[in-house]
1. Against the condition in contact with a Leu (Cβ under 7 Å, 6 or more places away or on another chain), over 23 Å from B:Val182 (Cα atoms) and either free of Cβ contacts under 8 Å to residues at least 60 places away in the same chain or buried (at least 24 other Cβ atoms within 10 Å of the Cβ) (or both), how does B:Gln444 come out, does it pass?
2. How many residues does region B:356-370 hold that are of a type in the set (A, V, I, L, M, F, W, C) and under 19 Å from B:Tyr60 (Cβ atoms)?
3. So is B:Ser339 polar (S, T, N, Q) and buried (at least 19 other Cβ atoms within 10 Å of the Cβ) or not?
4. Scan region B:83-90 and give yes if some residue there is over 27 Å from B:His463 (Cα atoms) and either modelled with pLDDT of 95 or more or buried (at least 19 other Cβ atoms within 10 Å of the Cβ) (or both), otherwise no.
5. Out of (1) touching a Lys or Arg at 6+ places or on another chain (Cβ under 9 Å); (2) in a loop (DSSP other than H, G, I, E, B); (3) within 14 Å of chain A (Cβ to nearest Cβ); (4) in contact (Cβ under 8 Å) with a residue 60 or more places away in the chain, the odd one out for B:Ser160 is which?
6. Go through region B:91-129 and count every residue that is among the aliphatic types (A, V, I, L, M), in contact with a Phe, Trp or Tyr (Cβ under 8 Å, 6 or more places away or on another chain) and over 30 Å from A:Asp83 (Cβ atoms).
7. From the list B:Ile434, B:Ile391, B:Ile411, B:Ile458, pick out the single residue that is more than 20 Å from B:His84 (Cα to Cα) and in contact (Cβ under 8 Å) with a residue 60 or more places away in the chain.
8. What are the pairs, 6+ residues apart or on separate chains, where a residue within region A:61-88 that is without any contact (Cβ under 8 Å) to a residue 12 or more places away in the chain has its Cβ under 8 Å from a residue that is of a type in the set (Ser, Thr, Tyr)?
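The values are calculated or read from the model by the stated rules, or taken from the named source; none is laboratory data. None of the values given here were measured: they were computed from a predicted structure. Glycine gets a Cβ as well: all are built from the backbone with ideal geometry, and neighbour counts include every protein chain shown.
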Amino acid sequence: MAAQLYKDGGFVADDWRHLGDDDLLPEAGAVILPLARFLESVATAPASLKLAVLLRAADDPDALAPHLSRLELIAVDFAKFSDGRGYSTARLLCRRHGFDGELRAVGDVLLDQIPLMRRCGFTAFEIVHAPTRRALEAGHNVEVPLYLQPAERAGERPAGARAWARRPAASPV
Amino acid sequence: MYRYDEFDTDFVSARVEQFTDQVRRRLAGDLDEEQFKPLRLMNGVYLQLHAYMLRVAIPYGTLNGAQMRKLAYVARTYDRGYGHFTTRQNIQFNWPRLKDIPAILEELATVEMHAIQTSGNCIRNVTADHFSAAAADEILDPRPYAEILRQWSSLHPEFSFLPRKFKIAVTGAPHDRAAVQVHDIGLQAKRDADGNVGFTVFVGGGLGRTPMIARKVRDFLPEEDLLAYCEAILRVYNRYGRRDNKYKARIKILVHETGVETLKADIEREFEEIRHGVLRLPQDEIDRITDYFAAPPFDADADDGSLDRASAADPALAAFVERNLHAHKAPGYASVTISLKPIGKAPGDATADQMDAVAALAERYGHDEIRVSHEQNLVLPHVRKADVPAIFEGLKAAGLAEANAGLVTDIIACPGMDFCALATARSIPVAQRISERFGTPERQRDIGDLKIKISGCINACGHHHVGHIGILGVEKKGEEYYQITLGGSGDENSSIGEIIGRGFSYDDVVDAVETLVDTYIGLRETPQEDFLAAYRRVGDAPFKEALYGTA
C-alpha cells in the first residue's frame with residue numbers, strides 16, 4: 001500500500017503505527033495510542049518503544065501538558081470532517097502549550113480542510129480519501145492565501161496595516 | 001462606508017477562484033454531496049425545494065448605489081428579475097443555476113461583494129442597526145466593529161466547522177433595532193464615564209425550536225478586547241457545544257445546559273489566556289477602520305420648510321412622513337424607510353427595476369448610501385428633509401411608497417413552503433392575506449405600531465417568537481395549521497411570545513389575527529398605547545376569550 005502520510009509537500013513513509021485500546025504493546029518501535037492508554041502506559045513503556053498519542057475530538061489537550069516535552073508526535077482525529085473540535089485542539093496544543101513536534105491530522109481529512117488545518121498548526125496529514133490524494137500529488141492548491149486572522153502556522157507574516165491580517169511565508173508579495 | 005483595499009480585493013478574488021474550483025470538483029465527482037455541502041453553504045449556496053439559492057452578503061446591511069445596481073443586474077441576468085432581502089440584512093436569489101454561480105460571484109467581486117459565510121456552520125454575516133450613523137439616539141456607529149468582526153471571522157481556520165451556525169449582531173444605540181438579544185453574540189456598544197468605548201456582551205440568544213433571550217456575560221468589555229473575547233466565546237462553543245443533535249447545537253443550548261455562570265467562567269478563563277496576545281485591537285487600527293464610516297458632510301439648510309408645506313397639501317406624503325421617516329442626528333435630515341411590503345406582495349422582495357430605482361435615489365439624494373433592515377425593508381439613512389417630496393415621488397413611480405413602516409402590514413415572513421425545503425406550511429401567502437385585510441391606510445394607522453412575524457416551520461426564520469403577534473405554520477394531519485403567539489419582542493426589552501391557544505387553519509388564521517387586533521383596539525387606554533404595551537398591561541385573558549370564548 002502506498003504511503004498515506006502527507007508531509008512537507010509529499011507522501012512519505014510513516015514510522016508510526018496506530019494501536020487501539022486492545023492491541024498488544026510491542027517491545028520496540030513507534031506507536032500512536034489513544035489518550036487514556038497513552039496516559040496509563042507512558043510511565044511503564046520500555047525505552048525501546050516510542051509512544052505518541054491520538055487525541056479524539058472530545059479529548060482535552062490539557063491532559064498532555066506534563067508529557068509534551070517528550071512527545072515527538074500528536075495525532076488529532078477527525079472522525080467526521082464536519083466535526084471541527086480538532087482545530088481548537090491543535091491551536092491549544094501549539095499556542096497554549098507550545099508543542100512543536102509533528103501535529104498530525106488523521107481520519108476524515110479532505111483537500112478543502114487541509115489549508116485550515118495547516119493554519120491551526122497541523123504539519124502532517126494521513127490521507128485516505130482518493131480524490132484528495134490525487135489532488136495533493138498533482139500539487140493542486142485550493143487555498144485562499146490571504147488570511148484575516150493570526151494563527152499558528154509557522155512563518156506567516158503580517159500584511160499591511162491591519163493587526164489581524166497575514167500572508168503565508170512563501171507567497172510572493 | 002468600508003472600501004476594499006488591495007488585500008480585500010485579492011482575498012475575494014481568491015475566494016471566487018477557490019469556490020469555482022470546488023464547483024468543478026463537485027461536478028467532476030471528486031467531492032460527494034455531503035462533502036460539498038458545507039463548502040457551498042460557506043459560500044451562500046443552498047439547495048432549496050425547486051432550485052439552488054444564492055445568498056449574497058450585505059455586511060451589516062450597508063451598500064451603495066453601484067452595489068445595488070449590480071444586484072439588479074444579477075437578478076435580471078441570472079435569476080427571474082427579482083431578489084429577496086432577508087432578516088439578516090442579506091439578499092437571496094432563488095433561481096440561479098449552480099454552473100452560473102461562479103460567474104455571479106465574479107460579477108459581485110467587481111463591486112466589492114461576495115457570498116462568504118452567508119450560510120453554514122460558521123460565523124455568519126455580522127448584522128447591525130440599520131440606522132447606524134444616522135439615528136438621533138445613537139451613541140456610536142457600531143459598523144466599524146461589525147466590519148472588524150467580519151474580517152476576523154472570514155474563513156477563520158478554527159471556526160469554520162462549528163457545531164452549528166453562529167450569528168453576531170451589534171448596536172450602538174440604547175433602543176435596540178438589531179435584536180442583539182436573540183443572537184448567539186449580541187453586542188451593545190456604549191461609552192463609559194470617561195468616554196471610552198466598550199460593549200455589553202450578551203451570549204446565547206436565538207430563536208428556532210428553542211427560543212431563548214441571550215444572557216449578559218459582560219457589562220463593559222473594552223473595545224480593544226473585542227476580538228479576543230469573541231474568540232474566547234467561539235473556542236468554548238467549538239469545543240463544548242453539542243454535536244449529537246443539530247437542534248440542540250446552538251450556543252443557547254450550551255448556555256442553558258451548562259448554566260450561564262459556569263459558561264461565563266469558562267469564557268473568562270479562555271479570555272485571560274489570550275487577552276494580551278495578537279488579537280488585542282490597536283487603537284490606531286480601530287480609528288483607521290472607523291474613518292471609513294465617517295458620516296457625509298451635512299448641509300446646514302437641509303430643511304427649508306418645503307417638506308412641511310408639501311405634506312400639508314398632500315395627505316399621502318404626510319402619511320409617508322409620519323410612518324417612514326426616522327429621526328436623524330443631523331438637524332434638517334431624516335432616514336427614510338423604503339417599505340418592501342406593498343399591500344398584498346411578498347415581504348422583502350424587490351424587482352431589478354426597483355433596485356435600480358432605489359440606487360438612483362440613493363445616488364441623487366442619499367449620499368450614495370443604502371441600508372437593508374432586518375425587518376426586510378430598505379433605508380436611505382441620510383436625506384435632506386427638503387428632498388423627501390422628490391424621493392416620495394420617485395418611490396411612488398417604482399411602487400415602493402407604501403407608508404407602512406412599523407405598521408400591521410410591515411410583516412416579516414420567511415420564504416415558507418413556496419420556496420424552502422424545510423417549511424411545513426406557507427408563510428408568504430398568509431402575509432399577503434393579512435396585508436390585504438388591513439391594507440387601507442386609515443385602518444393601519446388607527447391600529448398603530450404592530451409587528452407581525454410569520455414562520456413556515458419550527459426553525460423560526462420569520463422570527464415569530466419575537467413578533468407582537470407571531471404566527472407559526474406547522475403541518476398537522478396533512479393540513480397547514482397556524483399557531484399564534486402574543487407578546488414577543490426583539491428590542492432592548494426582548495421577550496418570547498406566549499402561545500395563546502389551539503391553532504387555526506390556513507383559511508381561518510387571518511380572521512383570528514383580525515379578532516386579536518379588534519380586541520386590542522377595544523381595550524387600549526389611548527390610541528398611543530400600542531398593541532405590545534396593551535398586551536403587557538392586560539395579559540392574554542381578553543385575547544383568549546375573544547378567540548376561544550369563555551368556556
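1. Details: in contact with a Leu (Cβ under 7 Å, 6 or more places away or on another chain): yes; over 23 Å from B:Val182 (Cα atoms): yes; either free of Cβ contacts under 8 Å to residues at least 60 places away in the same chain or buried (at least 24 other Cβ atoms within 10 Å of the Cβ) (or both): yes.
Here the answer is yes, as B:Gln444 does meet what is asked.
2. Here is the first cut: in region B:356-370, the residues of a type in the set (A, V, I, L, M, F, W, C) are B:357-362, B:370.
Filter once more, so that each one left must be under 19 Å from B:Tyr60 (Cβ atoms): B:358-359, B:362, B:370.
Going through region B:356-370 one residue at a time, the tally reaches 4.
3. On the way: polar (S, T, N, Q): yes; buried (at least 19 other Cβ atoms within 10 Å of the Cβ): yes.
So B:Ser339 passes the test.
4. No, region B:83-90 has no match at all.
5. Condition not satisfied by B:Ser160: (1).
6. In the first step, residues of region B:91-129 are kept if they are among the aliphatic types (A, V, I, L, M); the result is B:91, B:98, B:101, B:103-105, B:108-109, B:111, B:113, B:115-116, B:123, B:126, B:128.
After this cut, where a residue has to be in contact with a Phe, Trp or Tyr (Cβ under 8 Å, 6 or more places away or on another chain) as well, the list is B:91, B:98, B:101, B:103-105, B:123, B:126, B:128.
If we keep only those that are over 30 Å from A:Asp83 (Cβ atoms) as well, we get B:91, B:103-104, B:128.
Looking only at that region, the number is 4.
7. Values: B:Ile434 fails: more than 20 Å from B:His84 (Cα to Cα); B:Ile391 fails: in contact (Cβ under 8 Å) with a residue 60 or more places away in the chain; B:Ile411 fails: more than 20 Å from B:His84 (Cα to Cα).
Unique residue meeting the criteria: B:Ile458.
8. Between residues of region A:61-88 that are without any contact (Cβ under 8 Å) to a residue 12 or more places away in the chain and residues that are of a type in the set (Ser, Thr, Tyr), the close pairs are A:Gly84/B:Ser160.
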